[in-house]
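Take a look at the structure below.
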Amino acid sequence: MGIGMFIFLFVTAVSIDSFGIGCVLGLKKVGLTLRGVFLIAGVSGCMFLLSSYFGHLLAAVVAAEEAERVGALALIGIGIYFLWQFFKKEKDSEEKKEPWLNPAKVLNDPLAADVDHSGGIRGKEVWLLGAALSLDTIGAGISGALIGIPILFTAVMITVATFCMLGCGILSGSKLSDKAESLSILPGVLLIIIGLIKLS
C-alpha cells in the first residue's frame, strides 16, 4: 500500500467521527460558528502533534522494528476499544454523566456539549467538543509516531479533514443524521485494518 493511501485511511479513521457529530448538531439545529469549527479542528491537529511527540520519545528507546510493531498493535487495540465503545453506546445513553468530567460522553451524545441548553455551542462548550473529538487523536498520535508516518503533514491533514467533516456534517445533518450514526463504527474498523497492514 502506498504511503498516500495509508495516510488517507489513517486520517479518515481519526476524523470521521466529526461528520457524525456534525450531522446530529445540524439535525437538532444546535448552532456552531465557523470559528468554532476551526477551533475544534485545530484542537484535534494540536493534540495529534502533542501525542506524537511522546510517541517519538518512546521510539527513541525502542528498536525501530519493535517500535513499528508496538505502534501497529496499539492501533489495533485502539480500534478494538472504539468498536467496544460503539456497541456499548446504547447502554451508556441511559447513564447521566457530567460532560466536563467525561468528554467522551459527547461522542455518544453530541448534544451534551450544549451544557447550558442555549441551542448553540459557544465559549467553553467549543473546547469541550474539541476535547471530545481529539480523544481519538491521542492514541493515534503516539501510534503514528511509532510506525513512522510523517507527523506534521498528517497533523495538517487531520485538521483539514476534521474541519471539512464537521462542517459538512452540520450542513447536511437533517438529511444524513440517521445514516451518519452508523459511520461511528468506521474508525475502529479502519484502525484495526491499518494496524494489521503494518504487522504484515
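The values are calculated or read from the model by the stated rules, or taken from the named source; none is laboratory data. Bear in mind the structure is a predicted one, so any value in this text is a computation, not a measurement. Cβ sites come from the backbone with ideal geometry, for glycine too, and all protein chains shown count toward neighbours.
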Being at positive phi, modelled with pLDDT of 65 or more, touching a helix residue (DSSP H, G or I) at 6+ places or on another chain (Cβ under 9 Å) and not aromatic (Phe, Trp, Tyr) narrows it down to one residue among GLY130, GLY148; which is it? GLY148
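This table checks each residue for (1) out of contact with any helix residue (DSSP H, G or I) (no Cβ under 9 Å at 6 or more places or on another chain); (2) buried (at least 17 other Cβ atoms within 10 Å of the Cβ).
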residue	(1), (2)
MET5	yes, no
SER15	no, yes
PHE19	no, yes
LEU34	no, no
ILE40	no, yes
MET47	no, yes
Pick from region 128-155, criterion of a type in the set (A, V, I, L, M) and touching a Gly at 6+ places or on another chain (Cβ under 7 Å), ranking: surrounded by the fewest Cβ atoms within 10 Å (Cβ to Cβ): ILE151
All-but-one check, MET1 against (1) surrounded by fewer than 19 Cβ atoms within 10 Å (Cβ to Cβ); (2) of a type in the set (A, V, I, L, M); (3) modelled with pLDDT of 80 or more; (4) under 19 Å from LEU190 (Cβ atoms), failing number (3)
